[in-house]
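Quick note: the coordinates plus some simple rules give every number you see, no bench work behind them. On a predicted model such as this, the values are computed, not experimentally measured, just so you know. So basically every Cβ, Gly included, is an ideal-geometry build from the backbone, and we count neighbours across all protein chains shown.
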């Protein structure tokens, strides 16, 4: 067997490493301009945002060098113990954690706060990769799939209890390695369908979603029939009529027409003896309709005022107070738009200097880049992020061991969810749920964790590319 190359600098993926550190540098510069007050020595001052972040950057670099020097094989061996310790930390922080902005999410260590939910991303990545990377594991077997889901849903639930819903949502990114492991795509279709029903019920009305669900159910039934040209044509006309007339006719009359048509479509399926399909489709339709009306009821009767406002800011901004809940989004979009094509220039962002955008060093740091570097700078950063994700995918696919492959996909999924949601928040296409921009936003625990995770992956990839 060929000998592994143990020289740390040999066979490292320098393209991925360069992009990784390029994003880190851009983030540091944005924090510098956020803290800038005319004093050029800010990065030495520990009471400034950029000064504290510089300390964390030093710690992260040290951790990077340490972890990239370790034998990568230990991580597959101790993945479950590390996962267990991260779960323990999530439980402990609920009882002895420091409360910040209403969430018990932090441990206070020598004056510096550390967020165990960030470390949980690392532990969960190892745990999921170790489990679904087992030889001959059938991920579509119910018991196996249930365990795989629980591996990331348990930490997500513990984080939700803090409460930190934004970070908890990031753990849904572990659906990415599960998809690569062969999880049935129908699960993803159903998940996206449920998300559509949830959002659509709030964005429009449950009654419109009810009609759409019935049309979708009829399509499933008709498509399965052998001679379906005529039924499909009828269904197409029925769909066009429903969507075109919804705003002009009482929905109850439209519903009556759809129910009558449903009898015809069910009869076609019954005639071909597809009883199981009929039962499953009907049950899914009933459950989906229940979700649609249940979502609206929960919104009206269960959610607190500030929670309803967050959803309205995202889906119905015209109902939100521009001087209240909508203020952050308006200021962020204004800052980004004011940058124009080429931006106002480094350290010349007026809205950044005057702190017009709240939480600009964390959740809305992208607005600093948009204002000072404009469209060109924003697109350039997004391009770097896209190349980072592509490079992570390439590393995952060239890995010879399943554990390495799924660990790489876990990291790629986490980055993607963070990037998509955070940048989406700043431009108003995603809800504001407190998710930072990795490698850029202020925060030491996030920075150190991503440095560690990237160092381990680079070491794994290096070991796999033998000489």
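Data for the structure
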{"item": "In degrees, nearest ten, helix 251-271 long axis to first principal axis of the chain (Cα)", "result": "80"}
{"item": "Separation of the residue 104 and residue 386 label points, Cα + 7 Å toward Cβ, nm", "result": "4.4"}
{"item": "FRET E, pair residue 241, residue 25, Förster distance 56 Å, beta-carbon r, rounded to 0.05", "result": "0.45"}
{"item": "Directionally averaged projected area (convex hull, Cα atoms, segment 383-452), nm²", "result": "5.2"}
{"item": "Virtual paramagnetic centre 7 Å along Cα→Cβ of residue 307, amide N under 12 Å, in segment 127-162", "result": "161"}
{"item": "Residue 273/residue 252 FRET efficiency (R0 25 Å; Cβ-Cβ; nearest 0.05)", "result": "0.15"}
{"item": "Residues 95, 219, 293 arranged by fewest to most Cβ contacts within 10 Å", "result": "95, 293, 219"}
{"item": "Theoretical ellipticity at 222 nm over the chain - DSSP helices of four or more residues, -39500 (n - 2.57) apiece, nearest 500", "result": "-23000 deg cm²/dmol"}
{"item": "Burial ordering of 405, 398, fewest other beta-carbon atoms within 10 Å first", "result": "398, 405"}
{"item": "Acute angle (nearest 10 degrees) that the helix 49-69 long axis makes with the longest principal axis of the chain, alpha-carbon atoms", "result": "90"}
{"item": "At R0 = 51 Å, FRET efficiency that the Cβ-Cβ distance of residue 69 and residue 323 yields, to 0.05", "result": "0.45"}
{"item": "Length released on extending from residue 420 to residue 379, taking residue separation times 0.36 nm less the Cα-Cα span", "result": "13.4 nm"}
{"item": "Degrees separating the helix 116-132 axis from the principal Cα axis of the chain, which is the longest one", "result": "60"}
{"item": "Potential lengthening between residue 397 and residue 193 on full extension [0.36 nm per residue; Cα-Cα distance subtracted]", "result": "70.6 nm"}
{"item": "Kirkwood Rh and Cα Rg combined as Rg over Rh, evaluated for segment 294-355", "result": "1.18"}
{"item": "The chain - convex hull of the alpha-carbon atoms, volume per residue in Å³", "result": "188"}
{"item": "Three principal axis lengths of segment 187-302 [C-alpha, angstrom, descending]", "result": "45, 35, 20"}
{"item": "Sorted by Cβ density within 10 Å, fewest first, the residues 330, 25", "result": "25, 330"}
